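A short worksheet on the structure shown next.
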Amino acid sequence: MSSEHYYSKNPQSENITETKQVILNNHSFTFTMGAGVFSKKGIDFGTRLLIEHFQAPDHDGDILDLGCGYGPIGIALAHQFPSREVLMTDINERAVSLAKQNAEQNDVTNVTVMQSEGFLKIEEHIFATIVTNPPIRAGKTVVYNLFRDSKSHLVDGGELWIVIQKKQGAPSAIKYLTSIFNEVETMTRKKGYYVIRTKK
C-alpha cells in the first residue's frame with residue numbers, strides 16, 4: 001500500500017488527469033485535476049467555501065495561495081481581483097505543473113506558480129494576504145509552522161485566510177492563531193468547516 005500523500009514532492013502514482021468545468025463565484029473555470037494531487041475528483045467543499053467568503057484587504061499588495069494544489073483558489077482569486085498579483089506555491093511538483101496548465105487554460109495572467117516547501121523558495125516575499133487550505137494530513141507541526149511563518153510574510157495589517165474542518169482541529173487551530181495574531185475571526189461555519197481570517 002502506498003504511503004504517498006498529496007504533499008509528496010514527487011508523486012509516483014500514475015499521472016491520470018481529468019478536466020472538468022467548475023462554477024466558482026458565478027464564473028465558469030476549466031480545471032485539469034490529477035492523481036497524487038489534493039482533491040483530484042473535484043473542488044472540495046472547504047476550498048469552495050473559502051473562495052466564496054474571501055474578501056480582499058483594504059491595502060494593496062500581492063496574494064499568496066499557499067499549498068495551491070492544482071490551483072482553484074489562486075486562479076479564482078486572480079480572476080476576481082485582476083489588479084493584484086497572485087503567487088501560487090506547492091511542495092508537489094505535479095500540483096505545480098497542473099496549476100500552471102490551469103492558469104493558462106483559464107486565461108489568467110496575473111499569477112505565478114512555483115514549487116516551494118512552505119516559504120523556503122519565497123523567503124523574500126511579503127504579501128497583503130495569504131490564503132490556504134492547509135495540508136492537514138502532513139500533521140499539526142507542519143500546519144502550525146505554516147501559520148507561524150505566514151505572519152512574518154505579511155505586511156502590517158495583512159491577513160491570513162484559512163479553511164479547516166472542526167474534526168481536523170479547527171478549535172485548537174483558532175486557539176493557536178489567537179496566540180500569534182492580533183485578530184482572529186471566524187468568517188463562516190458550514191457543514192463542519194470553518195473559514196478563519198486572521199490579521200497581523
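Below is a table of values for the structure above.
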item	result
Contour excess over end-to-end distance, with Cα ends at His27 and His125 and 0.36 nm allotted per residue	32.3 nm
The chain, relative contact order [Cα under 8 Å, separation at least 6], %	18
Given charges at beta-carbon only (K, R positive; D, E negative), |dipole| of the chain in Debye	960
Pairwise label distance in nanometres, Glu185 with Asp149, each label 7 Å out on the Cα-Cβ vector	2.8
Qualifying GluC sites (Glu not before Pro) in region 102-200, DSSP loop, other Cβ atoms within 10 Å at most 11	Glu123, Glu124
Kyte-Doolittle mean at least 1.6, axial Cα span of 24 Å or more - DSSP H helices of the chain	none
Antiparallel DSSP beta bridges within the chain, as percent of all bridges there, nearest 5	55
Quarter of the Cα convex hull surface for region 44-199, i.e. its orientation-mean projected area (nm²)	8.2
Simple label model, 7 Å out from Cα along Cβ direction - Lys20 to Phe45, nm	1.5
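Bear in mind that the values in this text are calculations on the coordinates, not laboratory data. Small disclaimer: the values here were computed from a predicted structure and weren't measured. Positions of Cβ are backbone-derived with ideal geometry, glycine not excepted, and every protein chain shown enters the neighbour counts.
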